[in-house]
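Engineer: What follows is a structure written as structure tokens; I'll ask about it next.
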Number of protein chains: 2
Amino acid sequence: MSLQALLNPSSVAIFGASQNPKKVGGRPIRFMLEQGFKGDIYPINPGREVVQGLTCYPDLASVPTVPDVAIVAVGQDLVLGTIRDCADRGVKACIVMASGFGETGEAGRAAQAEMLEVARAAGMRIVGPNSQGLANFNNGAILNFSTMFVEIPPETGPIACISQSGGMSVVPYHMLRQRGLGIGHCHATGNDADVTVGELAAEVVADPSVKLCLIYLEKLQDPTHLARAAKIARERGVPIIALKSGRSPDGQRAAQSHTGAIASEDRIVDAFFERHGIWRAEGTEALVEAAEIYLQGWAAGGRRVAVVSNSGATCVLSADAIERYGLELAVFSSETEAAVRDVLPDFAASRNPIDITAALLTDSGLLGKVLPHAGGDDGVDMIIIGIPVSGEGYDVDSFARDTAAFAKKAKKPVVLAAPQDKVRKAFAAYGIPTFETEDAAVRALAQFSNHRSLMQKAAGGDIVVMTPGKAGETLDENRSLDRIAQRGVAVANREICKDVAQALAFLEVAPNGIVLKANSSLVPHKSEHGLVRVGLNTADQVESNFRAIQDKLADMNVPFEGILAAEMVPSGHEMVVGGYLDPVFGPVVVVGEGGIAVEAMPDNRLLLTPFDENDVASALSKLRIGPLFAGVRGAAPLNTEAVFAAARGVAELLTEGSVQSVDINPLITTPQGAIAADALVEQRTPI
Amino acid sequence: MSLQALLNPSSVAIFGASQNPKKVGGRPIRFMLEQGFKGDIYPINPGREVVQGLTCYPDLASVPTVPDVAIVAVGQDLVLGTIRDCADRGVKACIVMASGFGETGEAGRAAQAEMLEVARAAGMRIVGPNSQGLANFNNGAILNFSTMFVEIPPETGPIACISQSGGMSVVPYHMLRQRGLGIGHCHATGNDADVTVGELAAEVVADPSVKLCLIYLEKLQDPTHLARAAKIARERGVPIIALKSGRSPDGQRAAQSHTGAIASEDRIVDAFFERHGIWRAEGTEALVEAAEIYLQGWAAGGRRVAVVSNSGATCVLSADAIERYGLELAVFSSETEAAVRDVLPDFAASRNPIDITAALLTDSGLLGKVLPHAGGDDGVDMIIIGIPVSGEGYDVDSFARDTAAFAKKAKKPVVLAAPQDKVRKAFAAYGIPTFETEDAAVRALAQFSNHRSLMQKAAGGDIVVMTPGKAGETLDENRSLDRIAQRGVAVANREICKDVAQALAFLEVAPNGIVLKANSSLVPHKSEHGLVRVGLNTADQVESNFRAIQDKLADMNVPFEGILAAEMVPSGHEMVVGGYLDPVFGPVVVVGEGGIAVEAMPDNRLLLTPFDENDVASALSKLRIGPLFAGVRGAAPLNTEAVFAAARGVAELLTEGSVQSVDINPLITTPQGAIAADALVEQRTPI
């Protein structure tokens, strides 16, 4: 069912309707009346005949038509009965405000499950429980009890805030309304028992009035819907910024397994957002900071910034910030420099950043004269105007007017950095995004530029949904190597040797010498127990080391299952390629530096499936050791294709469903190729 | 001379005095009159008899007493004559406001030098040129023409802002005054031709009214004075926060040499600030963000934070931010948890972070009841109160009053995070530092905690001032190794071999084999030319490789100066230890990962001299490969003492003055020791 009934209801019933507009059951009615909701409002309260001037009904049965939506603002103990009434009458969706369900203990979870069962049987949708409610300011459908809409009055506009938390739905509402921006949607979904933030977002970003979507999540259990929302948003050019806080229990569980410790759940979220073009905000500030820039409809451009200021310090600080946040200080063409030099007095700087100096005081027109040259240069993608000090004599209104005239023509991001309120207000009045400091201005431009480029590159794609399974047997090294070899991963020639004679025969066909290892899934850290002997070239060495491993196993009371003899692999860089099945996101593959670095000095990246060689190349290039894959000091680059082949093999094993996790470490990588020198495969069994 | 005359003048003359209080020569008079300056003010202007109600003098000779300070607010062409007059009359210090001196071209630099010569001959001090002036709001000595003191009126207080840039002296002034904080000093020194920011800071931080000192620098040419300022500040417990922008020409020069490219000038500044307990702000925001916390006089504590909020989302976001900014979420004792559980309703969380929930609405006293338990726990060093949403029914004033009462007793940092102005104002009225978001609150607490700990650990010490010198001859490998060996750095046994016979004889006494290398300072990248042959064990190998190197040198037209034979060094981790003489900061030593990592994947730290083994251990521990010096997966740790010995040797060579730069790469480091396998020493000659 589409969620349109929740966003554009033709009629709304309120269980627990209150005459008091300051109560949970009173506020939605007050808001709908204030905000001009055109549909029917049916207060339900057996104790009253009129509520806030509206006819009040004793129960749902008495309501003259079937309401699209019911707001359930009754106590926890009355919720289930109310849900049943709604289901019976054919209500399309309920918003359950009471808490005390899935977010509490066992009993709460059971009650939540029962509520869902009733609703699903009737094809009725549930928002919540524990929901503050939905608010669509475009049509006055304020099915929401937040006090924040009293604190700072609504004004509709192009921004949507969608949040699991009530608080974090109205914090961005407040911060943005404070800045004079309009909010069209402000929804808090609560426990996401049925309707999730992702599903709601898919509906909201399709609303033609929405131009920017802010999301707050504490758990991301529904990536399929969110991926769909992101796809719709990308098609409409609507940026989604998500603040995902905390770590889920699933993530904690995953972190306990070996590969999981590398691939923490939070990094899967990063990878998921990146893949779908969603910008991940680090905190509340980053969620709202760049809003004005997004709303201008500026096209995605490059990362080269021009700076114009009346202060040399602002020029230097802006250049520092541009480097710090990963943008580039634009280099002007010689024509631009000449034109700027022509306009400015001799002592001013005509190169980027442009210090107009206090000459702006004597000639207020200087900014307007410089901007078309500096900002118009083809090598400039974005422009920062810095006015750290303005006082007597500065014609700020004319600066702002000239800037706006330029911005209108240039169609490039132009922003102001100024600590003084009055300067910011003057520019904001002409529609220019303003920031208190050059740090904030550069940070916001960097986010905008990075996010636009992320949206352009976003591969999207569906989440791989796995049938349920659980971790099974861990295979020994030999069988593990077999499994990955079957998937096209290169492994060393090897043989399980039952006795010394067999090992000696293997040595005969291994010109580079051999390694002997105990082959047992019972001993995970073989090296630390002296169960790995490398670089054996002579019969004597093979014999004595074979016996030493046998003795050691006997000491440890580990049954002898043969010793794995393998050809020595030519030296190379130790990489790791691994992966596991995440219960929410499906197959997750890890590529990075291997060997001892894995735990103590981790340097690896996550990949969600499906991925191609470009994705692996991109992940490798972002590693600290990324330069090795480009070639360092004339050395040939390490072989990306071979690492990709290993990663693809791991992804295939995971996707087919019979493997829970894979760990190839080390994958000895050279310019010529990559050979797995050790592997560990954990099976998976269906449940 | 002390700079007291500049900060507490008994009389001030103003050259270029203006009747118009909006002009550069008028504003200082206006400000001194408005701010109740008690000393004598002598306007000097041949065209007027009275200026702003004060007797005006035609020239300095007519002024009745010798003024302590002269403000030189005349045009650039008149400055030198004015300075001569002041020097002749015995004025103690001049503030030169005109620009067009050292910051411009050759002529300006010459004029600046001449001005200085005149002043120095007379023992007179110069602030500027190109200075906006000094302003001491404690006594009304506003020798400053900033319009910002009109925009937002001064109010004296415990904060000092000292800046080279005029703009960046009043930007923090504005941002802090806007927040209601008092500024006692606001100085802009301009070109720092004579009096530098560092020297002025040493005077200002000794002022008993100063409790926080903010500095803005574009060049740091005077570390000795700034080190002295930092020492005085540490003794008085006054934090210094410095925003150092840009990179100096010296730094650019240094970056061009090989070791210099590792040790960029900017990182020396980092090391210098760290050593002297100065916090380096990344940008304008960080310069001012934590001011209110610093001013509370809270003692340096630990890094464990408790969070109390009426919103679960704020709890999660705060915990995220605490991790992000490197603080710790405090763990309550079981007594604390029990006490909190006792106070709060069942559904609230009694563990840290504490979610009081909307129960705060029904019982406004809950915050006051929880705080003494949560905040009083011995495992809690700092407390964040998060109130993201407050509206009808919330008794914010009582929250603020209870918080202030707790803070007074607890003597621990307690701050508020709240996006709503009215909530922040209520807490600020009780003296609690407030922030708009939990990000900002945590960031500020982290800065405070880190800075206090930096101040406690700061070693301080004098800058090593070197006699002038310039880079000289680069020694060949053998002589380079000799030089470092003389300073106690372990090097491999080696011998310059004139012919194959000598090399074969050397092989006899080298049981692990030898390496042969061309020994010439004319070929810097020996490996890339095939001039290094390692792992030679047999006479055949030695002979053929010796001849191969000889042939290659002949091909390259490099004169044969013998071939360096060295014993093979046991394998270990490749480190780099190097250093160079910085023209401002003296000897700078670099320790880090060596080999190919040096350029492509740099991982190294700078050390200013003198340093001890603890400093080296600390630098090594901060490397990415730091874990190797602690021991990884049961392996013995790499030998810190041996790396220290090499670093000490390099520091000694640099400090004695005959060496410009040293590069030991690789320093093969094992658990047992470290052996230099290659070195390059660049001599230095006096000038």
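The values are calculated or read from the model by the stated rules, or taken from the named source; none is laboratory data. Not measured: the values here are computed from a predicted model. With ideal geometry, Cβ positions are generated from the backbone for all residues, glycine too; neighbour counts draw on all protein chains shown.
Engineer: Please identify the pairs in which a residue from region B:109-121 that is in a helix (DSSP H, G or I) has its Cβ atom under 8 Å from the Cβ atom of a residue that is among the polar types (S, T, N, Q) and buried (at least 18 other Cβ atoms within 10 Å of the Cβ), counting only partners at least 6 apart or on another chain.
Structural biologist: B:Gln112/B:Asn191
Engineer: Applying the selection to region A:166-216, what residues are among the acidic types (Asp, Glu), within 28 Å of A:Val118 (Cβ to Cβ) and at pLDDT 95 or above?
Structural biologist: First, the residues of region A:166-216 that are among the acidic types (Asp, Glu): A:192, A:194, A:199, A:203, A:207.
Filter once more, keeping what is within 28 Å of A:Val118 (Cβ to Cβ): A:192, A:194, A:199, A:203.
Of everything in region A:166-216, those that are among the acidic types (Asp, Glu), within 28 Å of A:Val118 (Cβ to Cβ) and at pLDDT 95 or above turn out to be A:Asp194, A:Glu199, A:Glu203.
Engineer: Can you tell me which residue within region A:332-353, out of those that are within 14 Å of another protein chain (Cβ to nearest Cβ) and farther than 14 Å from A:Val308 by Cα, is modelled with the lowest pLDDT?
Structural biologist: By that ranking, first place goes to A:Phe347.
Engineer: Here is a follow-up. For region A:398-424, name all the residues that are of a type outside the set (Val, Ile, Thr), in a helix (DSSP H, G or I), under 20 Å from A:Leu181 (Cα atoms) and touching a helix residue (DSSP H, G or I) at 6+ places or on another chain (Cβ under 9 Å).
Structural biologist: Answer for region A:398-424, where residues must be of a type outside the set (Val, Ile, Thr), in a helix (DSSP H, G or I), under 20 Å from A:Leu181 (Cα atoms) and touching a helix residue (DSSP H, G or I) at 6+ places or on another chain (Cβ under 9 Å): A:Ala400, A:Ala404, A:Ala407, A:Asp421, A:Lys422.
Engineer: Go through region B:523-572 and report how many residues are closer than 16 Å to B:Asp678 by Cα and in contact with a Ser or Thr (Cβ under 6 Å, 6 or more places away or on another chain).
Structural biologist: 1
Engineer: In region B:415-427, how many are out of contact with any Lys or Arg (no Cβ under 8 Å at 6 or more places or on another chain) and closer than 17 Å to B:Ala404 by Cβ?
Structural biologist: Residues meeting the conditions: 8.
Engineer: Within region B:351-369, can you find the residues that are under 17 Å from A:Gly166 (Cα atoms) and either in contact with a Ser or Thr (Cβ under 6 Å, 6 or more places away or on another chain) or among the charged types (D, E, K, R) (or both)?
Structural biologist: B:Asp355
Engineer: Quick check on region B:369-394: of everything there that is surrounded by fewer than 22 Cβ atoms within 10 Å (Cβ to Cβ) and within 14 Å of chain A (Cβ to nearest Cβ), which residue is nearest to A:Met168 (Cα to Cα)?
Structural biologist: It comes out as B:Gly391.
Engineer: Only one of A:Gly182, A:Gly123 is surrounded by fewer than 24 Cβ atoms within 10 Å (Cβ to Cβ), touching a Gly at 6+ places or on another chain (Cβ under 7 Å), more than 14 Å from chain B (Cβ to nearest Cβ) and not polar (S, T, N, Q); which?
Structural biologist: Numbers: A:Gly123 fails: touching a Gly at 6+ places or on another chain (Cβ under 7 Å).
Just one listed residue meets the conditions, A:Gly182.
Engineer: Would you be able to tell me the number of residues in region B:62-108 that are assigned to a loop (DSSP other than H, G, I, E, B), more than 34 Å from the chain's Cα centre (by Cα) and among the β-branched types (Val, Ile, Thr)?
Structural biologist: Residues of region B:62-108 that are assigned to a loop (DSSP other than H, G, I, E, B), as a first pass: B:63-68, B:73-75, B:90-92, B:97-105.
Still in the running and more than 34 Å from the chain's Cα centre (by Cα): B:63-67, B:74-75, B:90-91.
Filter once more, so that each one left must be among the β-branched types (Val, Ile, Thr): B:63, B:65-66, B:74, B:91.
Looking only at that region, the number is 5.
Engineer: Taking the conditions exactly as written (assigned by TED's automatic domain parsing to the domain that holds B:Gly368 and touching a Lys or Arg at 6+ places or on another chain (Cβ under 8 Å)), does B:Ala313 satisfy them or not?
Structural biologist: On the way: assigned by TED's automatic domain parsing to the domain that holds B:Gly368: yes; touching a Lys or Arg at 6+ places or on another chain (Cβ under 8 Å): no.
It is false that B:Ala313 is assigned by TED's automatic domain parsing to the domain that holds B:Gly368 and touching a Lys or Arg at 6+ places or on another chain (Cβ under 8 Å).
Engineer: Quick check: is even one residue across region B:157-168 within 14 Å of chain A (Cβ to nearest Cβ), in contact (Cβ under 8 Å) with a residue 60 or more places away in the chain and buried (at least 21 other Cβ atoms within 10 Å of the Cβ)?
Structural biologist: Taking region B:157-168 as the starting set, the residues that turn out to be within 14 Å of chain A (Cβ to nearest Cβ) are B:161-168.
Remaining after also requiring in contact (Cβ under 8 Å) with a residue 60 or more places away in the chain: B:168.
Now narrow it down to the ones that are buried (at least 21 other Cβ atoms within 10 Å of the Cβ): B:168.
Scanning region B:157-168, I find at least one residue that is within 14 Å of chain A (Cβ to nearest Cβ), in contact (Cβ under 8 Å) with a residue 60 or more places away in the chain and buried (at least 21 other Cβ atoms within 10 Å of the Cβ), so the answer is yes.
Engineer: Go through region B:229-244 and give me each residue that's free of Cβ contacts under 8 Å to residues at least 12 places away in the same chain and either within 14 Å of chain A (Cβ to nearest Cβ) or aromatic (Phe, Trp, Tyr) (or both).
Structural biologist: none
Engineer: Can you name the residue in region B:355-371 that is at pLDDT 85 or above and small (Gly, Ala, Ser) and, of all such residues, is farthest from B:Val340 (Cα to Cα)?
Structural biologist: B:Ser364
Engineer: Of the residues B:Leu287, B:Leu295, B:Leu329, which is more than 9 Å from chain A (Cβ to nearest Cβ) and under 18 Å from B:Leu243 (Cβ atoms)?
Structural biologist: On the way: B:Leu295 fails: under 18 Å from B:Leu243 (Cβ atoms); B:Leu329 fails: under 18 Å from B:Leu243 (Cβ atoms).
So the residue among B:Leu287, B:Leu295, B:Leu329 that is more than 9 Å from chain A (Cβ to nearest Cβ) and under 18 Å from B:Leu243 (Cβ atoms) is B:Leu287.
Engineer: Name the one entry in B:Ala299, B:Ala290 that is within 24 Å of B:Ile387 (Cβ to Cβ) and small (Gly, Ala, Ser).
Structural biologist: Working: B:Ala299 fails: within 24 Å of B:Ile387 (Cβ to Cβ).
Result of the check over B:Ala299, B:Ala290: B:Ala290.
Engineer: Go through region A:395-425 and count every residue that is crowded, with 19+ Cβ neighbours inside 10 Å and within 14 Å of chain B (Cβ to nearest Cβ).
Structural biologist: Looking only at that region, the number is 7.
Engineer: Filter region A:497-522 for residues that are among the aliphatic types (A, V, I, L, M) and under 17 Å from A:Ala677 (Cβ atoms) and give the result.
Structural biologist: Selection gives A:Ala510, A:Ile514, A:Val515, A:Leu516, A:Ala518.
To keep it simple, each residue is scored yes or no on (1) closer than 25 Å to A:Glu103 by Cα; (2) in the same structural domain as B:Tyr394 (by TED's automatic domain parsing); (3) touching a strand residue (DSSP E or B) at 6+ places or on another chain (Cβ under 9 Å); (4) touching a residue at least 40 places away in the same chain (Cβ under 8 Å).
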| site | (1), (2), (3), (4) |
| --- | --- |
| B:Leu295 | no, no, yes, yes |
| B:Val308 | yes, yes, yes, yes |
| B:Ser318 | yes, yes, yes, yes |
| B:Ala339 | yes, yes, no, no |
| B:Leu344 | yes, yes, yes, no |
| B:Ala348 | yes, yes, yes, no |
| B:Pro353 | yes, yes, yes, yes |
| B:Gly368 | no, yes, no, no |
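Engineer: Mind listing whichever residues of region A:199-227 are assigned to a helix (DSSP H, G or I), free of Cβ contacts under 8 Å to residues at least 40 places away in the same chain and farther than 12 Å from A:Leu3 by Cα?
Structural biologist: The one that is assigned to a helix (DSSP H, G or I), free of Cβ contacts under 8 Å to residues at least 40 places away in the same chain and farther than 12 Å from A:Leu3 by Cα: A:His225.
Engineer: Report, by residue number, each residue of region B:1-36 that is closer than 23 Å to B:Ile152 by Cβ, among the aliphatic types (A, V, I, L, M) and not in a loop (DSSP other than H, G, I, E, B). Spell out the reasoning first.
Structural biologist: Of region B:1-36, the ones closer than 23 Å to B:Ile152 by Cβ are B:7, B:18, B:20-36.
Okay, now just the ones that are also among the aliphatic types (A, V, I, L, M), so B:7, B:24, B:29, B:32-33.
Within region B:1-36, B:Leu7, B:Ile29, B:Met32, B:Leu33 meet the criteria.
Engineer: Looking at region A:129-140, is at least one residue more than 14 Å from every other protein chain (Cβ to nearest Cβ) and assigned to a helix (DSSP H, G or I)?
Structural biologist: Checked against the condition, which is being more than 14 Å from every other protein chain (Cβ to nearest Cβ) and assigned to a helix (DSSP H, G or I), region A:129-140 yields no hits at all.
Engineer: Restricting to region A:499-525, what's the tally of residues that are surrounded by fewer than 18 Cβ atoms within 10 Å (Cβ to Cβ), under 20 Å from A:Val558 (Cα atoms) and either of a type in the set (Phe, Trp, Tyr) or in contact with a strand residue (DSSP E or B) (Cβ under 6 Å, 6 or more places away or on another chain) (or both)?
Structural biologist: 1
Engineer: Scan region A:308-320 residue by residue and report those that are under 17 Å from A:Ser390 (Cα atoms) and more than 7 Å from chain B (Cβ to nearest Cβ).
Structural biologist: Hits for region A:308-320 are A:Val308, A:Ser309, A:Asn310, A:Cys315.
Engineer: Next question, about the same structure. Restricted to region A:429-438, and to residues that are surrounded by fewer than 24 Cβ atoms within 10 Å (Cβ to Cβ) and either at positive phi or out of contact with any Lys or Arg (no Cβ under 8 Å at 6 or more places or on another chain) (or both), which residue is farthest from the other protein chains (Cβ to nearest Cβ)?
Structural biologist: Top of the filtered list is A:Gly431.
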